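The values are calculated or read from the model by the stated rules, or taken from the named source; none is laboratory data. Source: prediction; values computed, not measured. FYI the Cβ positions are ideal-geometry reconstructions off the backbone, even for glycines, and counts take in every protein chain you see. The area values use the complete protein model at the heavy-atom level, side chains included, leaving out ligands, DNA and RNA. Shrake-Rupley method; radii C 1.70, N 1.55, O 1.52, S 1.80 Å.
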Amino acid sequence: MIIPKRVYVYIDGSNFYHLLKLNYNTIRVDFVKIIASLLNTEEEIIQIKYYNSPVSQQEEPLVYANQLRFFEKIKKNPLLELNLGRLVKRKINKINVVCENCGLQIAENVRCPKCEKYIS
């Protein structure tokens, strides 16, 4: 008899969400099904820990409401554990940029590609 390996999965919710939307134009996902497809028969999902931060209700009320509905769906799955943090906005200081010509550089500031205003 083979004893399955116990697997715990940790998901960075924000990055996962944005990559789903960007690459597949959807946010509907069956986490258990996706993860199970990555495992072999000797592995068993014990728990999926999903980490995210709610957006500001005052700044983005529609996005906030949609996000809450999504979180409620997550809570219904017994394998999924929702872990919420908080977003902290910080000023941009020095940013590491990888240049194809000369390698890693440090940028003191960033300029918006559309309006060309400097972002601090």
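Pairs with C-alpha atoms separated by more than 28 Å, drawn from the list Lys33/Lys114; Lys21/Lys114; Lys21/Lys73, are Lys33/Lys114. Extension gain for Tyr17-Arg86 works out to 23.2 nm (0.36 nm per residue, less the C-alpha to C-alpha distance). With the simple spin-label model, which puts each label point 7 Å out from Cα in the Cβ direction, the Val7 to Val98 separation comes to 2.7 nm. The helix-based estimate of mean residue ellipticity at 222 nm for the chain, built from -39,500 (n - 2.57) per DSSP H run of four or more residues and divided by its residue count, is -9500 deg cm²/dmol to the nearest 500. Who wins for biggest fluctuation among Lys89, Lys75, Lys49 in a Gaussian network model of the chain, springs between alpha carbons below 10 Å? Its mean-square fluctuation being the largest, the pick is Lys89.
Rolling a 1.4 Å probe across the protein heavy atoms gives the chain an accessible surface of 84 Å² per residue.
If the segment from Gln47 to Ile34 were pulled out straight at 0.36 nm per residue, it would be longer than the present Cα-Cα gap by 3.3 nm.
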